[in-house]
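One structure is given below, encoded as structure tokens.
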Amino acid sequence: MRALVKSLRHIPANHAAHDLLLEVLRELAADLLRHRQASGMWHQLVDEPDSFPETSGTGFIVSALQAAARNGWIEASSGAEALTAFVSPDGTVLNGCPETPPLPSREDYRNRHPKPDDPHAVAAVLMALGGVQP
């Protein structure tokens, strides 16, 4: 999603690829929003609500949604406030899953456990809460 937002910022509206990329962005945003939990979080495995609510994925999704909405490509739908429940009073970011390479199975993803203050999650939460454009 971040790549689509960045690409659309640089591809002129009259370019042949612009409308296709915009359609893909809107479909992806709609699909992701369908999987957002009532709490405002996305889970470690986006389509498996019994996996843990995950801060790095949520942060990156929220940041990309914010940027797409600022550009008028989708309706605004932040969700950043959900992340505040996963920042402890001392500033520790909880429920972050370390950056994950492609894995062979869904079970392999499930076996990745959250790590407090994982740099990947801290960056994503800061981007989302700070409104940083991807």
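Checking the structure you have, find out if any residue of the stretch 16-25 is open to solvent by 40 Å² or more (accessible area, probe 1.4 Å) and in contact (Cβ under 8 Å) with a residue 12 or more places away in the chain. Checking the stretch 16-25: at least one residue is open to solvent by 40 Å² or more (accessible area, probe 1.4 Å) and in contact (Cβ under 8 Å) with a residue 12 or more places away in the chain.
The residue of the stretch 76-109 that is surrounded by the fewest Cβ atoms within 10 Å (Cβ to Cβ), among those that are charged (D, E, K, R) and closer than 18 Å to His43 by Cβ, is Glu107.
Filtered by the rule that a residue be farther than 24 Å from Glu107 by Cα and open to solvent by 40 Å² or more (accessible area, probe 1.4 Å), the stretch 40-75 gives Arg70, Asn71, Gly72, Glu75.
Within the stretch 45-61, can one find any residue that is closer than 30 Å to Val87 by Cβ, without any contact (Cβ under 8 Å) to a residue 40 or more places away in the chain and not charged (D, E, K, R)? There is at least one residue in the stretch 45-61 that is closer than 30 Å to Val87 by Cβ, without any contact (Cβ under 8 Å) to a residue 40 or more places away in the chain and not charged (D, E, K, R). Taking the listed residues Val46, Val24, the one that is closer than 14 Å to Arg2 by Cβ and of a type in the set (Val, Ile, Thr) is Val24, with no other qualifying. Just to verify a result, which residue in the stretch 110-128, among those that are in contact with a Ser or Thr (Cβ under 7 Å, 6 or more places away or on another chain) and not charged (D, E, K, R), is surrounded by the fewest Cβ atoms within 10 Å (Cβ to Cβ)? In this case the residue turns out to be Pro116. Taking the criterion of being of a type in the set (A, V, I, L, M, F, W, C), in contact (Cβ under 8 Å) with a residue 40 or more places away in the chain and within 19 Å of Ser39 (Cα to Cα), the residues of the stretch 88-125 that qualify are Cys97, Ala121, Ala124, Val125.
Pairs linking a residue in the stretch 1-12 that is at positive phi and modelled with pLDDT of 95 or more to a residue that is open to solvent by 80 Å² or more (accessible area, probe 1.4 Å) and part of a helix (DSSP H, G or I), with Cβ atoms under 7 Å and 6 or more positions apart or on different chains, do not occur.
The values are calculated or read from the model by the stated rules, or taken from the named source; none is laboratory data. Bear in mind that the values here come from a model prediction, so they are computed numbers and not experimental data. Cβ atoms come from the backbone with ideal geometry, glycine included; neighbour counts cover every protein chain shown. Calculation scope for accessible area: heavy atoms of the full protein, side chains included, ligands and nucleic acids excluded. Shrake-Rupley method; radii C 1.70, N 1.55, O 1.52, S 1.80 Å.
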